[in-house]
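Single-structure report; data block below.
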Amino acid sequence: MLCLCKVSIAQDSTRRFSDDELLGKINPSSHSDFAEVSLKMSSRGGIYLRTEVLIAFERLEAAARDEGITITIISGMRSFNHQKGIWERKWGRTQYMGWNDFEKAIDILTYSSMPGSSRHHWGTDFDLNSLENSYFENVEGLKVYDFMKRCGEEFGFFQVYSSKDSGRTGYEEEKWHWSYIPISSAILDEYNKFIAVEDIEGFKGAGFADTLKIIPNYVNGVAE
């Protein structure tokens, strides 16, 4: 059983990541463990990943290029405030007029994380090429997806939001979202150890984090 209670940092001298890193409350451009993704491999400037993740991705991207396949990072590390902006823009959409706030939160959680609970905070996860599953079913996108399924694991990358047919909870399948497991698995362990639902706060709808079981069902709702 996962322990969701807070644990004193002093009790665990092996801790690697701070609360701020786990919750995305850092600036990757000034953090020593992060590096900016080259424009040759990204859709825009200002996308950051942990340096170890970026090095592994560079090797993966070179392997894809050797096969004539283009993989482009379109989103990497997102700060708490960045995720808050995404969440609250969706919260204010006119399509939700007449909905109660609980139903609204559930619908947004189809694909978007509550701030403080996103894997994008960690600098280990990124989105590739398109934010639509349908893209990965056409000719070009299918080549990208097949390559990632075939070769991603060799470089440490996994599709953590896979099909929910196996009983996985949380977000719907995201064929574009890939995670560098050698680091993200360690971060997830520390998240479960040091972060409690009370830490997920500071945005519209945050009060539903406990009721919706954000940590057990969404943060931990990943493929094994």
Fill in: Residue list for the stretch 65-79, filter: buried (at least 19 other Cβ atoms within 10 Å of the Cβ) and out of contact with any strand residue (DSSP E or B) (no Cβ under 8 Å at 6 or more places or on another chain)
Arg78, Ser79
Worksheet item: In the stretch 194-209, is there at least one residue being within 25 Å of Arg15 (Cα to Cα), in a loop (DSSP other than H, G, I, E, B) and acidic (Asp, Glu)?
Response: yes
Fill in: First in the stretch 176-203 and closer than 14 Å to Met114 by Cβ and touching a residue at least 24 places away in the same chain (Cβ under 8 Å), second anywhere and surrounded by fewer than 22 Cβ atoms within 10 Å (Cβ to Cβ) and acidic (Asp, Glu), Cβ under 8 Å, 6 or more apart
Ile195/Asp19; Val197/Asp210; Asp199/Asp19; Phe203/Glu88
Worksheet entry | Residues of the stretch 62-109 classified as assigned to a loop (DSSP other than H, G, I, E, B) and small (Gly, Ala, Ser), total | 5
Response to the item:
A careful count of residues in the stretch 21-35 that are of a type in the set (S, T, N, Q) and assigned to a loop (DSSP other than H, G, I, E, B) gives 2
Discussion item. With polar (S, T, N, Q) and surrounded by fewer than 16 Cβ atoms within 10 Å (Cβ to Cβ) as the only criterion, which of Asn133, Asn129 stands out?
Written reply: Asn133
Response to the item:
Taking first residues from the stretch 124-149 that are without any contact (Cβ under 8 Å) to a residue 60 or more places away in the chain and second residues anywhere that are among the small types (Gly, Ala, Ser) and surrounded by 13 or more Cβ atoms within 10 Å (Cβ to Cβ), the pairs with Cβ under 6 Å that are 6 or more apart or on different chains are Asp125/Ser179; Asp127/Ser75; Tyr135/Gly141
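One line per residue, one yes/no per condition, for (1) under 19 Å from Ser130 (Cβ atoms); (2) of a type in the set (S, T, N, Q); (3) free of Cβ contacts under 8 Å to residues at least 24 places away in the same chain:
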| position | (1), (2), (3) |
| --- | --- |
| Met41 | yes, no, no |
| Glu58 | no, no, yes |
| Ile73 | yes, no, no |
| Asn100 | no, yes, yes |
Worksheet entry | Of residues in the stretch 36-61 being over 18 Å from Trp176 (Cα atoms) and not in a helix (DSSP H, G or I), the one nearest to the chain's Cα centre (by Cα) | Arg50
Worksheet item: So is Ser18 within 21 Å of Asp199 (Cα to Cα), polar (S, T, N, Q), exposed (fewer than 14 other Cβ atoms within 10 Å of the Cβ) and modelled with pLDDT under 95 or not?
Response: no
Worksheet entry | Residue in the stretch 177-193 that is surrounded by the fewest Cβ atoms within 10 Å (Cβ to Cβ), counting only those that are outside any helix (DSSP H, G or I) and not hydrophobic (A, V, I, L, M, F, W, C) | His177
Fill in: Scope the stretch 110-168; condition outside any helix (DSSP H, G or I), among the polar types (S, T, N, Q) and more than 21 Å from Ile55 (Cβ to Cβ); matching residues
Thr110, Ser112, Ser113, Ser117, Ser118, Ser130, Asn138, Ser162, Ser163
Worksheet item: When you go through (1) free of Cβ contacts under 8 Å to residues at least 60 places away in the same chain; (2) surrounded by 16 or more Cβ atoms within 10 Å (Cβ to Cβ); (3) among the acidic types (Asp, Glu) one by one for Glu52, which number turns out not to apply?
Response: (1)
Practice prompt. Could you figure out which of (1) touching a strand residue (DSSP E or B) at 6+ places or on another chain (Cβ under 9 Å); (2) farther than 28 Å from Tyr96 by Cβ isn't true of Trp176?
Written response: (2)
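The values are calculated or read from the model by the stated rules, or taken from the named source; none is laboratory data. No experiment lies behind these values; they were computed from the predicted model shown. All Cβ positions, glycine included, derive from the backbone under ideal geometry; neighbour counts span all protein chains shown.
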